[in-house]
Amino acid sequence: MPSAVILIADGTEEMEFTITYDTLVRGGVKTISAFVPDLTLASSGGEVHRVSPPVAKGSRGINIMPDTYFDQAHCGPDSYDLLVIPGGAKGAETMSKSPSVQELVKKYLENDKWVGMICAGSLAAKTANLPRQKITSHPSVKAELQQDFEYIEEPVVVSGKLITSRGPGTAFPFALTLVELLCGSEKRAEIRGPLCFPPNTPF
């Protein structure tokens, strides 16, 4: 059974997280979420979560209970086939600035495993110093990426094992693409139908 770990932090965009998580589970992918703490709080003397895992407060104020606390040793490519980094400005900043997340992104790709980034989550491609390749993101962070990557304004961009997407409105095609890559086109078609998209939906 394919498996995936989806990162989450305070400020993660709720739709990008939940639609991806839900769609992967529908596709038969064993999926867990891992909470990434904001390390800048500790260095500035701010309040740091003391329970494991804490509730993550999303970008629109919705509380989500992660499955586990982020631990690089337990979230690596030896345990999962896919690593997903959602957006949401604050959440994406926390994840992309985490040295452990940066290292994990590189390890997944080095081990020929999949990495998905959506919205501002694509900033992790830059902070992980990935080589120049095709990429997309939310328009708000385009300027931070277009000098280092071949920026494409498409809903979903697949470059080798890296899959990027634009924002909440592209969360379904992003998630369905992940299912297809992990489980095949027949599984994508199988779970797409019951989702009841309007006629002529282009994904």
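The values are calculated or read from the model by the stated rules, or taken from the named source; none is laboratory data. Just so it is clear, the structure is predicted and the values come from calculations on it, not from any experiment. No Cβ is skipped: glycine too gets one built from the backbone with ideal geometry, and neighbour counts run over all protein chains shown.
Restricting the range 156-189 to residues that are of a type in the set (Ser, Thr, Tyr) and in a strand (DSSP E or B) leaves a set whose member that is surrounded by the fewest Cβ atoms within 10 Å (Cβ to Cβ) is SER159. Across the range 57-93, the qualifying residues are those that are of a type in the set (A, V, I, L, M) and surrounded by fewer than 23 Cβ atoms within 10 Å (Cβ to Cβ), and the one among them that is farthest from ASP112 (Cα to Cα) is ILE62.
Of all residue pairs spaced 6 or more apart or on separate chains, those with beta-carbon atoms under 8 Å, a first member in the range 68-79 that is modelled with pLDDT under 95 and a second member that is loosely packed, with under 14 Cβ neighbours inside 10 Å are THR68/SER52; TYR69/SER52; GLN72/GLU103.
Within the range 172-203, which residues are of a type outside the set (A, V, I, L, M, F, W, C) and either in contact with an Asp or Glu (Cβ under 9 Å, 6 or more places away or on another chain) or closer than 20 Å to ASP81 by Cα (or both)? Selection gives PRO173, THR177, GLU180, GLY184, SER185, GLU186, LYS187, ARG188.
Per-residue answers, yes or no, for (1) in contact (Cβ under 8 Å) with a residue 12 or more places away in the chain; (2) within 17 Å of SER137 (Cα to Cα):
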site	(1), (2)
PHE149	yes, yes
VAL158	yes, yes
THR177	yes, yes
LEU195	yes, no
PRO198	no, no
THR201	no, no
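A quick yes/no check of all residues on (1) farther than 23 Å from LEU182 by Cβ; (2) buried (at least 18 other Cβ atoms within 10 Å of the Cβ); (3) of a type outside the set (S, T, N, Q):
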| residue | (1), (2), (3) |
| --- | --- |
| MET95 | no, yes, yes |
| SER98 | yes, yes, no |
| ASP112 | no, no, yes |
| VAL115 | no, yes, yes |
| ALA120 | yes, yes, yes |
| ARG132 | yes, no, yes |
| PRO139 | yes, no, yes |
| GLU154 | no, no, yes |
